[in-house]
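Here is the structure we will look at, set down as structure tokens.
Derivation of every value follows stated rules applied to the coordinates shown; laboratory data play no part. These numbers were taken from a predicted model, which means no experiment stands behind them. Reconstructed Cβ throughout: ideal geometry from the backbone, glycine too, with neighbour counts over all protein chains shown.
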Amino acid sequence: MLTIIAWRNLWRNRTRSLIITTSVALGMWAGTFIMAIYFGMGEARLRIAIDNEVSHIQVHHPGFADDKEAKYNMPMDSLDQVFQQIPAIKAYSLRSVTTGMLATTSGSQGIQVNGVDPAAEQATRGMKDFVQEGDYLDPEKRNRVLVSTKLAQKLKLDIGNKIVLTLLDTANNITAGAFRICGLYHTNNAPLDELNVFVRKSDLDHLIGTAGRAHEAAILLHRDDDLDSVFQKLKQALPQYRIERWQEISPETALVLSSLDTYSLVFIFIILLALSFGIINTMLMAVLERTREIGMLMAVGMNKLKVFGMVVWETIMLAVVGAPVGLLAAWLTTLWLGHTGINLGPVMGESLRDFGYAPVIYPILPWHNVLQTMQLVLITAVVAAIFPALKALRLKPVEAIRT
Amino acid sequence: MQTVIDAHNISKVYNPDTIPVHAVNNVHLHLNRGEFTALVGPSGSGKTTLLNIIGGLDAPSEGQVVINGVDISNLKPNQLIDFRLHNIGFVFQAFNLIPVLTASENVEFIMLLQKKPKAERNKRVQELLASVGLSDKLDARPNQLSGGQQQRVAVARALASRPQFILADEPTANLDSHSAATLLDIMEKMNREEDVTFLFSTHDQRVIDRARRVITLVDGRIESDSAETQIKH
Ligand SMILES: Nc1ncnc2c1ncn2[C@@H]1O[C@H](COP(=O)(O)OP(=O)(O)O)[C@@H](O)[C@H]1O
Ligand SMILES: [Mg+2]
């Protein structure tokens, strides 16, 4: 019957309870939805990192990681042999990588030159899809280069222009080659775009003397879940090389993902803190209005624990009734926008891209976070209930019922 | 004769440190089972204070209250609440009922606190509300009942716990004379048929006339007690 009393008491002041309930619902909706956007951004960042940037796993010569000298390379045939034996590997790209200088008539800039097999690069990171203007690298055409639109803009380059790449070979001698720009590319990671140009691996090998060898192997898996098992296999098969997972190659992505939980928790916490003031205030008013009633109940024999429980119950109901509505609304919004996507491009412009995020976000609502939010709401309700309930306990029946 | 209330030497001083108010002075009160006693006196004579002390709602400045052999001043706060629940029925002047509960729920509630089984509760609620003439108002909320009907529900509620006695502080003060008479009829009937002990305060002469024993309080002292007068004569 305490539950019945609490529930009916809740609706004695309909407007007041509705305001609080609605605030809780709106707060939960906003909080959870923002959380979903966060997680959507995180998931998108993860997919971009894996599918378009670093792949799942990379293999390097241990010396290459410290200073990117051309002499730290690996024989391609031994890598091919290992990779082809692992069915979980979807595609891999063996690259020659070196740093150098890009010179044009209007200026020069330090860059990283990636010598790639056009087909393998397409299979691992979808490179061809990022070409905005002109053509992707043609396996048949010699000395073509793909530069980013960003770099082209900066150095006033265009398709068909000739540029000179000055590089260091395996013996640390300076070597140079002339390349013609075949296309302009544009990925979701603007900072990286500015630093990287792509040429055929055979052309680069020819310049720096790394035929049959590679500096970097990028491996894409069929499923994210196979990451650790493939990682272990590679460590065993290629103990002389450094094997790294995407978390190690792109620690900032891993950090962003791991801080999402904390962020959303803090966010929800702040919302709940604000709501709890409203809840406490409402319940204090309710207790004050019912001074006589509570005094009468204590007079006729309702003990303190029950009085306390009655107020706590009512507070919990007040706080919790709105939460599922808000969460449901957030879930529906997420479902809908998760399907259509939210295009932040027009609002945020290029700034999202500058941080490596796609402008269209597909919000996601992980179940465990929804449950966590529900728990937090419950905890907030209990904490918010304590003060009004103590207030009720301090009432003295004689004083309360004196007319 | 079984003693139900034995109050010795009760005094109550409000604000002893500032402007002391001697609300009750050196009162002795003895009540036996089955009595139907009125505590009368003008406003401010100390009726409410005395009833609150006897009912364990307030502590006396001096003296002791023994109910059914238990000295209630020795009870801890929660024990006292529990003692009230099982031994004393209360009818106040107003605000007796929980507004969000129906008449029958209000009566049932007290038995629920006593942890009585559902079947017993239901049966007693029906009986009690029938005997106060409210069989047709079982599901009415207090605000759908007249003042007199509300007080009848309060009497039923006070009886529901099967207390040693019922304390009623000016139960008819807010009622018209017809409703007051009906309430008194019901209280009398309960006293006669169920042997329930009543101690009620009033300053209404028509109510005083219905009491079998009248204790008159003036300035916190017992001025006369009809029981003693009878013995003397
Ligand atoms: N809480 C209190 N504080 C101070 N004085 C009080 C308080 N309650 C009652 N009194 C005083 O005690 C006296 C007796 O009051 P009360 O018991 O209410 O009398 P009655 O019920 O007969 O009208 C009155 O003078 C009243 O003003
Ligand atoms: Mg009074």
Would you check if there is a residue in the stretch A:22-40 being in a helix (DSSP H, G or I), within 14 Å of chain B (Cβ to nearest Cβ) and touching a residue at least 24 places away in the same chain (Cβ under 8 Å)?
no
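Yes/no per residue for (1) in contact (Cβ under 8 Å) with a residue 40 or more places away in the chain; (2) away from chain A (no Cβ under 13 Å); (3) crowded, with 17+ Cβ neighbours inside 10 Å:
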residue	(1), (2), (3)
B:E62	yes, yes, no
B:V65	yes, yes, yes
B:P77	no, no, no
B:L85	yes, no, yes
B:Q93	yes, no, yes
B:N96	yes, no, yes
B:L101	yes, no, yes
B:E108	yes, no, yes
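Yes or no: the stretch A:147-166 includes at least one residue that is within 16 Å of A:V116 (Cα to Cα) and without any contact (Cβ under 8 Å) to a residue 40 or more places away in the chain. Break it down stepwise before answering.
We begin by selecting, within the stretch A:147-166, every residue within 16 Å of A:V116 (Cα to Cα); these are A:147-148, A:165.
Among the residues that remain, those that are also without any contact (Cβ under 8 Å) to a residue 40 or more places away in the chain are: none.
Within the stretch A:147-166 (the criterion being within 16 Å of A:V116 (Cα to Cα) and without any contact (Cβ under 8 Å) to a residue 40 or more places away in the chain), the answer is no, since none of the residues qualifies.
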Selection from the stretch A:1-21 of residues outside any loop (DSSP other than H, G, I, E, B), within 14 Å of another protein chain (Cβ to nearest Cβ) and either without any contact (Cβ under 8 Å) to a residue 60 or more places away in the chain or touching a Gly at 6+ places or on another chain (Cβ under 7 Å) (or both) yields A:L2, A:I4, A:R8, A:R14
Could you say whether any residue in the stretch B:150-166 is farther than 21 Å from B:R124 by Cα, touching a residue at least 40 places away in the same chain (Cβ under 8 Å) and within 16 Å of ligand 2 (Cβ to nearest atom)?
no
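Considering only residues that are of a type in the set (S, T, N, Q) and within 13 Å of ligand 2 (Cβ to nearest atom), which ones fall in the stretch B:1-58?
Keep residues of the stretch B:1-58 that are of a type in the set (S, T, N, Q), which gives B:2-3, B:9, B:11, B:15, B:18, B:25-26, B:32, B:37, B:43, B:45, B:48-49, B:52.
Hits for the stretch B:1-58 are B:S43, B:S45, B:T48, B:T49, B:N52.
Listed residues B:I72, B:I5; which is within 19 Å of the chain's Cα centre (by Cα) and within 14 Å of another protein chain (Cβ to nearest Cβ)?
On the way: B:I5 fails: within 14 Å of another protein chain (Cβ to nearest Cβ).
Going through B:I72, B:I5 in turn, the sole match is B:I72.
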Output for the stretch A:84-104, where each listed residue is surrounded by fewer than 20 Cβ atoms within 10 Å (Cβ to Cβ), over 29 Å from the mean Cα position of the chain (by Cα) and not β-branched (V, I, T):
A:Q84, A:Q85, A:M101, A:A103
Failed condition for B:A181, given (1) more than 16 Å from ligand 2 (Cβ to nearest atom); (2) surrounded by fewer than 21 Cβ atoms within 10 Å (Cβ to Cβ); (3) within 14 Å of chain A (Cβ to nearest Cβ), with all others met?
(3)
Flag if B:F83 is away from ligand 1 (no atom under 16 Å from the Cβ) and touching a strand residue (DSSP E or B) at 6+ places or on another chain (Cβ under 8 Å):
yes
